[in-house]
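One structure is given below, encoded as C-alpha cells.
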Amino acid sequence: MLTSAIGDIVKRVDSGVVYALTERGSAELSSGRTALSSTELSVLVLLDGKSTVAQLQARAGSLPAKAVEEALERLLRSGHIAPAVDVTSDHIDPGNFFAASASESEAAAATLQANGYFVKFAQRAAQPRNLAAGEKITVLVVEDDPQLAKLVRTYFQMEGMETRLAGNREEINAALRQPPKPDAIVLDVMLPDIDGFDVLARVRQHDAVKDIPVIMMTAKATREAVLKGLERGASGYITKPFNIETVLVAVKTVLGLRK
C-alpha cells in the first residue's frame, strides 16, 4: 500500500493516473462515523478498487464531473486515496492495486454481485447537540422484520431513546405524523409495499421532515445501491449483518450526540 506521502507529491488529480483507496479510505467506509461529504463518500464508493478520473466521472451518474474532480483532490490531500502508480518511478504495485488478470477482475466482480457490498458509515452532524434535562431523542425505525425491529427498539430504549416502529407504507405515514417529529430515521431498504429509496426521496421532498437524518440499512447492497442512497440524501448507510451498537453509534453520530 502506498503511503500518504504520495499525496504530498501529487497536489492535484491527474487524468492519466489510476487512483485507489488507501487504508484510511477503506476504513472510512466501515468506520461507523465520518466527517466526509456525500460527494466524497460517493467518490470513495465509486473508487473502491481502482479507477482513473475519467472512469469515475463516467460512472458518477448525476454528480457533475467538476464535483468529482474536486472531491478527488480533497481525498488525495487527506490521504483517503493515492495513485496506484508511484509517480516518482512509474512503478506499479500489483499486489495492492491491480488484479493479476482480467479473469481475476471478473471473479472479484462476480463475488461482489453475489455477496453484496458491505459498508457502515454515518455522517457527523455539523454541530454537537446537548440534550436538555429530561429531553429524549425520538427515533423512527422502519423495518419489516418484527424481531429485528423489537430488538433495535429495546436497545434504543435502554439508551433512553423513544422509539417508534413501522413496517409498511401506512405505518410509516402514521409514525411521521405522530408528534413529536422523529429526530432520526433508521430505514430498511426492502419493505413489503414500498421501496426504502422511495421513502427516502419522499422524506427529502417534504418540508416538514426533509431535515431529519436518515440512516439506510439493508441485508445486501451493491455499490449502485449505496450511491443511490447518498444521491437521495441518506445520512448514513449500514449493511447487514450488523451489531446493534453500530446502529446506535450511527444515530448518535448523525445527531451530534456524545457516544
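The values are calculated or read from the model by the stated rules, or taken from the named source; none is laboratory data. Every value quoted in this text rests on a predicted model; they were computed, and no experiment measured them. Every residue, glycine among them, receives a Cβ derived from its backbone with ideal geometry; neighbour counts consider all protein chains shown. All accessible areas refer to the heavy atoms of the entire protein, side chains included, with ligands and DNA or RNA removed. Shrake-Rupley method; radii C 1.70, N 1.55, O 1.52, S 1.80 Å.
Below is a table of values for the structure above.
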{"quantity": "Of all residues in segment 177-220 being touching a Gly at 6+ places or on another chain (Cβ under 8 Å) and open to solvent by 90 Å² or more (accessible area, probe 1.4 Å), the one that is modelled with the highest pLDDT", "calculated": "192"}
{"quantity": "Listing of helices (runs of 4 or more DSSP H) fully contained in segment 1-100 that carry 1 or more residues being modelled with pLDDT of 85 or more and closer than 25 Å to residue 237 by Cβ", "calculated": "23-28, 38-47, 65-78"}
{"quantity": "Qualifying residues in segment 122-169 (those that are among the polar types (S, T, N, Q) and touching a Ser or Thr at 6+ places or on another chain (Cβ under 7 Å)) - the one least open to solvent (accessible area, probe 1.4 Å)", "calculated": "123"}
